[in-house]
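Before any comments, here is the structure.
Just so it is clear, none of the values below were taken in a lab; they were calculated from the coordinates. Please read these numbers as outputs of a predicted model, since none were measured by experiment. Heads up, the Cβs are rebuilt from the backbone with ideal geometry, glycines too, and the neighbour counts pull from every protein chain shown.
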Amino acid sequence: MSGIPGYRVERLPDPEAVGEDATLVEALRDEIRRDGPITFAQFMNRALYEPGHGYYRRAEPGPGPAGDFITAPEAHPIFGAAVGRLVAQAWDALGRPGPFRITEPGAGTGALATGLLGGLRDDASPMLDALRYRPLEVEPARLATLRARLAADRLDAHLADDRLPDERVEAGAVIVNEVLDALPVHRVVGRPEGLRELLVGLDGTGRFATVEAEPTTPRLAERLVLEGVVLEAGQVTEICLGIDAWLAGVANHLERGVVVLMDYAAEPAALHGAARPTGTLRAFARHAVGADPFRHVGRQDLTATVDLAAVRAAAARADLAPLGETTAGELLAAVGDDLPSRYLRREGASLQDALSLRSALARLLDPRGLGGFRVLVFGRGVPPDTRLDALRRIAKPSSGAR
Ligand SMILES: C[S@@+](CC[C@H](N)C(=O)[O-])C[C@H]1O[C@@H](n2cnc3c(N)ncnc32)[C@H](O)[C@@H]1O
């Protein structure tokens with residue numbers, strides 16, 4: 001059977017089969033036994049990023065049919081092609097500078113890079129001559145897969161020479177898809193006496209368990225106050241404190257250019273509202289979504305819906321001005337009208353290709369699915385009257401969900 005559009009899957013994958021990283025689990029338990037409960041952000045950081053053991057620090061792919069979930073760029077290269085057109089419009093607005101470097105933190109195995117560069121080639125975009133593409137990954141092993149994927153499509157010549165030092169770039173773009181949702185979050189709960197934090201401790205049998213305590217930092221309550229959020233009694237939510245440092249870091253090399261952030265995200269009122277009493281923390285393993293972060297430690301993805309207000313505030317602090325926002329579906333509709341027929345008329349295109357494209361489009365345009373993913377564009381040194389046509393509104397936005 002074909003379980004995931006566009007891919008042949010012989011059997012439904014079994015999420016239980018992923019197991020857990022026993023070394024990491026033991027290390028975390030030892031640490032908690034020795035030093036006491038840790039914050040959820042510390043737990044999530046280790047579960048995702050511990051070298052050699054964390055979910056993102058293994059060579060196996062996270063996104064993709066053989067992995068645990070499908071991202072928009074993995075669904076079909078048409079998404080990357082649309083992002084390429086958005087960046088090309090920004091390049092135009094900047095006065096077509098050369099060299100122009102696109103940096104992609106969290107480039108994974110190259111789905112976005114392949115769609116974007118392939119789309120620009122099909123467009124015969126003049127930006128390609130100026131372009132140097134620099135993928136960044138927390139897991140270097142994935143970059144080898146990315147290079148091979150680009151080489152198979154004869155797109156690897158556009159890669160930046162990564163032996164050169166990471167010097168400041170005069171002009172460029174930073175594009176990021178589905179990385180913000182994996183930045184470690186603190187968990188908090190509203191109580192009549194005030195905000196409490198949910199730490200990770202051990203129960204009587206030595207298993208991970210949630211432990212309620214005084215907040216480990218006043219920044220948690222400050223964030224909620226800043227966003228005008230008051231939690232109901234018993235309501236749980238997540239707060240990402242790392243967004244400021246992360247965004248400043250990915251954009252610090254850029255003298256002039258744009259930052260494009262794409263993820264499932266929501267406004268604070270919806271994200272921390274009573275309609276979400278247990279928060280948005282989710283786990284993904286083998287295309288199944290789970291709610292227990294303490295299972296499959298190191299072998300399942302952990303993610304929380306991104307707080308749009310926190311991203312905007314972090315951008316302002318990082319000296320990035322808002323250029324506009326849209327959704328993935330809107331972006332595709334705004335710049336991609338002609339793209340489906342291009343993929344269908346490609347030499348050698350099969351019925352299977354046509355069906356894959358159709359089902360990918362259904363998901364990429366669905367405002368309740370991948371199409372509802374938010375696209376936030378910020379600029380530094382961009383002419384103040386810049387209006388990117390790719391960001392024009394076509395329908396009312398909604399927050400997406402993976
Ligand atoms: C959900 S996947 C998305 C991959 C790709 N952007 C896509 O949309 O298909 C997240 C990727 O980002 C990488 N990653 C996660 N956190 C990161 C960070 N802080 N910096 C750089 N890469 C990161 C992971 O290793 C993984 O390959």
Taking N as the number of residues in region 68-123, the ratio of its alpha carbon radius of gyration to 2.2 N^0.38 Å works out to 1.17
Can you check what the Kirkwood hydrodynamic radius comes to for the chain, Cα pairs only, in Å to one decimal?
-> 22.0
Could you work out how far apart the two model spin labels at residue 359 and residue 267 are, taking each label as a point 7 Å from the Cα in the direction of the beta carbon, and quote it in nm?
-> 3.6
For region 145-240, what is the convex hull (Cα atoms) projected area averaged across all directions, in square nanometres?
-> 12.0
With 0.36 nm assigned to each residue of separation and the Cα-Cα distance removed, residue 312 to residue 351 gains 9.7 nm
Return 53, 272, 296 ranked ascending by Cβ neighbour count within 10 Å, so the fewest neighbours appear first.
-> 53, 296, 272
For every helix of n ≥ 4 consecutive DSSP H residues, a contribution of -39,500 (n - 2.57) applies; sum these over the chain, divide by its total residues, and give [θ] at 222 nm rounded to the nearest 500 deg cm²/dmol.
-> -9500 deg cm²/dmol
Normalise the Cα radius of gyration of region 237-291 by 2.2 N^0.38 Å (N = residues in it) and let me know the number.
-> 1.51
Volume per residue of the C-alpha convex hull in region 13-153, rounded to whole Å³ = 137
Taking just the C-alpha trace of region 214-322, give me its Rg and Dmax in Å.
-> 15.6, 46
Along each principal axis, Cα extent of region 313-402, largest first, Å | 49, 27, 22
Per-selection Kirkwood Rh - region 252-402 (Cα, Å, 1 d.p.) = 17.7
How far is the Cα center of region 270-297 from the Cα center of region 122-162, in Å?
-> 33
P(r) histogram, all alpha-carbon pairs of region 106-198 included - 10 Å bins from 0, percent = 13, 38, 25, 9, 10, 5, 0
Compute the Rg/Rh shape ratio of region 292-349: radius of gyration over Kirkwood radius, all on alpha-carbon atoms.
-> 1.20
The answer for the chain, counting only DSSP H helices whose Cα atoms cover 18 angstrom or more along the axis and whose Kyte-Doolittle average is 0.5 or greater, is 77-93, 351-365
Distance histogram for region 260-336 (every C-alpha pair counted, 10 angstrom bins, percent rounded to whole numbers) = 15, 34, 35, 15, 0
